[in-house]
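Worksheet: the structure to be examined is printed underneath.
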Ligand SMILES: NC(=O)c1ccc[n+]([C@@H]2O[C@H](COP(=O)([O-])OP(=O)(O)OC[C@H]3O[C@@H](n4cnc5c(N)ncnc54)[C@H](OP(=O)(O)O)[C@@H]3O)[C@@H](O)[C@H]2O)c1
């Protein structure tokens, strides 16, 4: 990275979230000066508020933007608040991307999600599976918003790339976990939900924990600091290299660990990380969901990024964070 990039003024939207916080950690680790990293909490700047977002960009004039702010949640949250998922996420993206353009931001990275891919996409899911089939009903509103985010970036590049030097990129993370995760009993994703359940079972010496489904579905997980490293890697790629590996209307890049495990294997690994010694039982009367969800990460691998933290190391760090910040001590 050249000296100019190290002096760039960088806005990280969503810096209090799991991914945004990891991106700030990554930028600081790489030596970016803290005073060149701009952040605003949700209470200081509601990103769905268009005039407020435009005023913020006009005042701060960042050089680069990481768009990691969004309404986020698991199946329960997506089913309960579909209007908030589609409205908030469309507004946040449209406001930030347009305000960035109007205020001369050349480099922006939009973070989407693997939920953009059709329910029956061939596995592992490649970038070109986007918009090829019916989405999973449970997170369709969020998937539509995130697909629109990719198309916003591409459309601004196509219309303003030549004339204004706009270079807006997108990355699609697989399931993430790690420090700063959401451990809410109802709204959490699978890893933080199981960390909490196993921890509580350990503390109250419950002999067994029941998990929904047969345990056979396969899922992919990536430690959040690896995702942050991938985000900065993609942001900093020379334009010619990025262009060589993407297409103007198929520009997003999957970011995954490259391998999947069964829910049974995941449960056992979390039980081990937490130190839960009871039994894990599977309630096969409950639905399993999609049999397999794995991203094809060959595009980002070819661009020179690989994950560094394996599941065992990652779960140990996640549990340490849970104990420090979320567990009710007895
Ligand atoms: N976590 C995963 O497993 C995962 C997997 C794939 C993709 N992703 C994607 O990665 C991105 C970041 O996810 P995350 O896990 O870091 O989520 P997160 O922990 O919930 O963080 C999102 C952040 O955005 C902020 N935010 C939400 N609405 C806002 C608004 N209207 N104005 C200002 N700030 C707002 C939140 O602030 P408040 O909390 O104060 O509202 C929070 O700090 C999302 O696009 C997500 O879909 C996440």
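The values are calculated or read from the model by the stated rules, or taken from the named source; none is laboratory data. As the structure is a computational prediction, the values presented were derived from the model and not from experiment. No Cβ is skipped: glycine too gets one built from the backbone with ideal geometry, and neighbour counts run over all protein chains shown.
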Quick check: anything in region 75-93 crowded, with 16+ Cβ neighbours inside 10 Å and either at positive phi or not in a helix (DSSP H, G or I) (or both)? yes
I'd like to check something: does region 220-234 contain any residue that is in contact with a strand residue (DSSP E or B) (Cβ under 9 Å, 6 or more places away or on another chain) and loosely packed, with under 15 Cβ neighbours inside 10 Å? no
Of the residues that sit in region 36-81 and are closer than 25 Å to residue 116 by Cα and in contact with a strand residue (DSSP E or B) (Cβ under 6 Å, 6 or more places away or on another chain), which one is farthest from the ligand (Cβ to nearest atom)? 64
Looking only at region 101-119, count every residue that is part of a loop (DSSP other than H, G, I, E, B) and at pLDDT 95 or above and tell me the total. 8
Every listed condition ((1) over 21 Å from residue 114 (Cα atoms); (2) surrounded by fewer than 23 Cβ atoms within 10 Å (Cβ to Cβ); (3) in contact (Cβ under 8 Å) with a residue 60 or more places away in the chain) holds for residue 159 save (3)
Could you check how many residues of region 155-166 are outside any loop (DSSP other than H, G, I, E, B) and touching a helix residue (DSSP H, G or I) at 6+ places or on another chain (Cβ under 6 Å)? 1
Matching option when the condition is away from the ligand (no atom under 14 Å from the Cβ), under 23 Å from residue 66 (Cα atoms) and under 17 Å from the mean Cα position of the chain (by Cα), among 233, 164, 189: 233
Scanning region 10-35 for residues that are within 15 Å of the ligand (Cβ to nearest atom) and in a strand (DSSP E or B), which turns out nearest to residue 229 (Cα to Cα)? 12
Of the criteria (1) more than 22 Å from the chain's Cα centre (by Cα); (2) within 16 Å of the ligand (Cβ to nearest atom), which one residue 159 fails: (2)
